[in-house]
Structure formats: structure tokens, C-alpha cells
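Here's the structure we're looking at; comments come further down.
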Amino acid sequence: TTTGDEATAGVTPKEDRPALSARTWALVIAIPALCSGIFVAWLMMATHTNMNVPIVYERDALEKLAIFKGIGEGNLPWRNRRLAAPFGTSDWRDYPLYQWIDYAAFRFLSLFTNNYLKLLNWYWILTIVASAATAAYCFLRVRAGPVVAACLAFLYAMQPHVFVRNISHLNLVCYLVPLLATACLEVATGRWEKGKASALREIPVYGWLGFLLQGISFFYFSFFGALLLLVAALYGACQRRTLRPLVHTAWLLSVLVGASIVCVSPTLLHWVQHGTNPTVVERSAFEAEVHGLRIRHLLTPVPEHPLAFMRKLSEIAEAKHHDQTEATTTRLGVLGAIGF
């Protein structure tokens with residue numbers, strides 16, 4: 001049924017809109033994926049000049065280059081026989097940064113080329129294409145219009161985080177995040193609840209697949225996906241006075257945790273056999289202050305602000321604190337700060 005206001009305005013409620021055809025779904029998913037891939041490929045070849053050279057060749061990128069080049073040569077993810085001379089091997093299982101989807105995909109693609117550094121550049125571009133595709137699918141699921149969904153998916157794939165991190169933090173590629181976020185939204189709003197149907201059957205395929213694949217990927221997004229899903233379940237349960245959101249969440253978290261255990265099993269078995277190595281990564285409480293997200297950085301203007309008084313505020317903050325970490329890049333801007 002339409003309300004009086006909607007009828008007057010000529011607006012069709014979302015529930016009454018005709019279902020999109022499979023062809024429309026395919027086009028909305030494919031167009032931003034192709035556009036993002038073409039745009040980034042053009043950008044890379046125009047600015048990086050040589051795709052045979054890694055986009056970044058320092059700091060964290062060195063670790064990723066060693067891991068993926070080793071995988072391309074047929075090594076396990078934690079071993080590279082060209083390192084650790086004179087012993088001819090290395091073992092990184094004490095530092096578990098597994099992302100089995102990317103490992104498997106990269107190993108498959110390496111069967112067609114031995115230029116592993118060039119392949120890693122192109123694989124990074126493929127993860128951007130995948131991000132646009134999953135984002136488009138998820139925007140359609142939350143009932144965005146086809147044009148809006150395609151545009152937002154392209155923007156999601158082009159977010160600055162992707163370009164800042166590039167191959168140096170390839171473990172933070174975000175093509176699975178839209179699936180997790182959409183599941184949280186739909187659990188909170190009760191979209192999966194269908195009367196007397198089994199809660200197990202109510203969960204859509206993308207929900208199972210998203211949390212399963214995330215479980216065998218890098219655990220950073222697994223943590224936040226689980227946290228937000230729990231919040232969504234509590235919200236939905238309290239709002240609608242039903243246990244269905246909690247049951248859905250329990251199933252998805254079971255899949256996520258089970259897959260995560262399988263993901264890190266090489267390290268767990270290694271620890272059982274040889275014990276842990278606490279000196280691999282030594283962290284202190286002070287590092288939370290150094291690397292943590294701060295409200296001050298969120299609200300401070302960017303140093304290159306076009307308005308003089310805004311630049312002055314940024315200069316005052318920098319003169320006071322003298323900190324130059326990755327947290328300093330998290331500026332929200334005027335609209336973002338007002339929203340915050």
C-alpha cells in the first residue's frame with residue numbers, strides 16, 4: 001500500500017517496485033567493475049610507467065613481495081627458499097598473516113607467467129575490480145536504484161585507502177567487506193526473517209559465502225565483521241522482540257570462527273610442535289597511542305587546506321603534538337566532522 005504523501009508525490013514505495021531482471025543485476029555489477037579496472041590500469045600505466053616494477057618497493061611491501069613471489073615459485077606462504085641464507089629456507093608461521101583466497105588466486109595466475117612482480121601489480125588491480133562488483137551487488141540488495149548502485153560501487157572501489165595501501169598492505173584488500181556490512185544491515189532490519197521458516201534456511205547464500213571466505217582471509221576484517229554483526233543482532237532482537245537475529249548471528253559466527261581456525265591451523269600446529277616465539281612481535285601499550293585513531297586527527301583540517309585560517313588550525317595542532325603517523329591521514333573534512 002502507498003501512503004498519501006507517496007501517492008501525491010508519485011513515488012513508488014521500495015516494497016512495491018518491480019524486481020530487477022537478472023540482466024539488470026549483471027549489468028549493474030559488471031559496469032562499475034569494468035570501469036574501475038580500466039581506470040586504475042590506465043592510471044598505473046600513465047604514472048607508474050613500468051608494470052614490471054612493484055608499485056611500492058619498501059617497508060611493508062617487501063614482506064608482501066617475498067610472500068607472493070615465493071608462492072608464485074611454488075613455495076608455501078610461510079616459506080621462501082631464496083631467503084635466510086645460508087640455510088636456504090625461512091619460516092614465518094610465528095607471524096600469521098594468512099589470506100588463503102589471495103594466495104590461491106595468485107598461485108593459479110602464476111601458472112601462466114613467471115613475472116611474479118608484474119603479476120602482483122595486476123592482481124592488486126583485480127582486487128579493486130572485485131571490490132566494485134561485490135559493492136554493486138550489495139547496494140542492489142539494500143534496494144538502491146541501478147544507477148545509484150553502480151555509481152556508489154565505483155566510488156567504493158576508488159576509495160583513497162585502496163591507493164594509499166596498494167600492494168604494501170595487500171592483506172587489507174576490501175572486496176569482502178560489502179558482503180559483511182550488508183549482512184549486518186539485513187540482520188538488524190529483519191530482512192531475513194520469514195515467519196515460520198527455519199532460521200538456517202533464511203540466511204541467503206551471500207551471507208554464508210561472505211563469512212566463510214572472510215574466515216580464510218586476513219583476520220582484521222573478521223574481527224570488525226563479528227563485532228558489528230553482534231551489535232546488529234542485539235539491535236534487531238530488542239527492536240522486534242525476537243531471537244531470530246541472534247540465531248542468524250550464531251550460525252554466521254560459527255562459520256567465521258570455524259573457517260578462521262582452519263585458516264591459522266599451520267601456525268597452531270607449529271606452536272603445538274615447537275612452542276610460540278614471543279620475540280617475533282613485541283608490542284607495548286604506548287603503540288596504541290602512536291598508531292591509534294584519534295578524534296583530534298579526525299577533526300583537524302588538512303595541512304594543505306585552501307583556507308588560511310583552516311591551515312593555521314592545522315599548523316597549531318602539528319606544532320603542539322609533533323606526531324607523524326598514519327593516523328594523521330584520517331581527516332574527516334568539514335561535512336564529515338559535522339556528521340561526526
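The values are calculated or read from the model by the stated rules, or taken from the named source; none is laboratory data. A quick note: this is a predicted structure, and the numbers were derived from the prediction, not measured. As a convention, Cβ positions derive from the backbone with ideal geometry for all residues, glycine included, and neighbour counts pool all protein chains shown. These accessible areas exclude ligands, DNA and RNA; they are computed on the full protein's heavy atoms, side chains included. Shrake-Rupley method; radii C 1.70, N 1.55, O 1.52, S 1.80 Å.
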For this session: Please give the calculated 222 nm ellipticity per residue for the chain, where each DSSP H segment of at least 4 residues contributes -39500 (n - 2.57) and the sum is spread over every residue; nearest 500 deg cm²/dmol?
Result: -19500 deg cm²/dmol
For this session: Would you mind checking the radius of gyration and Dmax of the range 56-113 based on alpha-carbon positions, in Å?
Result: 11.4, 32
Problem set entry | Calculated diffusion of the range 18-73, Stokes-Einstein form, Kirkwood radius summed over Cα pairs, 20 °C and 1.002 mPa s, µm²/s | 149 µm²/s
Problem set entry | Separation of alpha-carbon centers, the range 272-331 and the range 123-177, rounded to whole Å | 26 Å
Exercise. Per residue, how much accessible area does the range 34-98 show when a 1.4 Å probe rolls over the protein heavy atoms, in square angstrom?
Worked result: 58 Å²
Problem set entry | Dipole in debye (nearest 20) - the chain, about Cα centre, beta carbon charges: Lys, Arg +1; Asp, Glu -1 | 600 debye
Exercise. What percent does the relative contact order of the chain come to when contacts are Cα pairs within less than 8 Å and at least six residues apart?
Worked result: 16 percent
For this session: Compute the distribution of all C-alpha to C-alpha distances in the range 127-220, in bins of 5 Å from 0, and list the percent of pairs in each, rounded to whole numbers.
Result: 2, 13, 21, 21, 19, 12, 6, 3, 1, 0
Exercise. How many lysine pairs are close in the chain, with Cα atoms under 22 Å apart and the two 8 or more places apart or on different chains?
Worked result: 4
Seminar exercise, completed: Carbon plus sulfur, as percent of the 1.4 Å-probe accessible area of the range 38-173, comes to 66 percent
Exercise. How much accessible area per residue does the range 146-246 have, in Å², with a 1.4 Å probe?
Worked result: 50 Å²
Seminar exercise, completed: In the neighbourhood of residue 240 defined by beta carbon distances under 12 Å, the net charge of the other residues (Lys, Arg +1; Asp, Glu -1) is +2
Seminar exercise, completed: In vacuo Debye sum over C-alpha of the chain, base-10 log of normalised intensity I(q)/I(0) at q = 0.10, 0.11, 0.15 Å⁻¹, listed in q order, is -0.79, -0.95, -1.49
Seminar exercise, completed: Cβ-Cβ cut-off under 15 Å around residue 287, Lys and Arg +1, Asp and Glu -1: the net charge is -2
Seminar exercise, completed: So the angle from the long Cα axis of helix 60-72 to the longest Cα principal axis of the chain, reported in degrees to the nearest 10, equals 90 degrees
For this session: Between 300, 267, 113, find the one with the highest GNM mean-square fluctuation for the chain; connect C-alpha pairs within less than 10 Å.
Result: 300
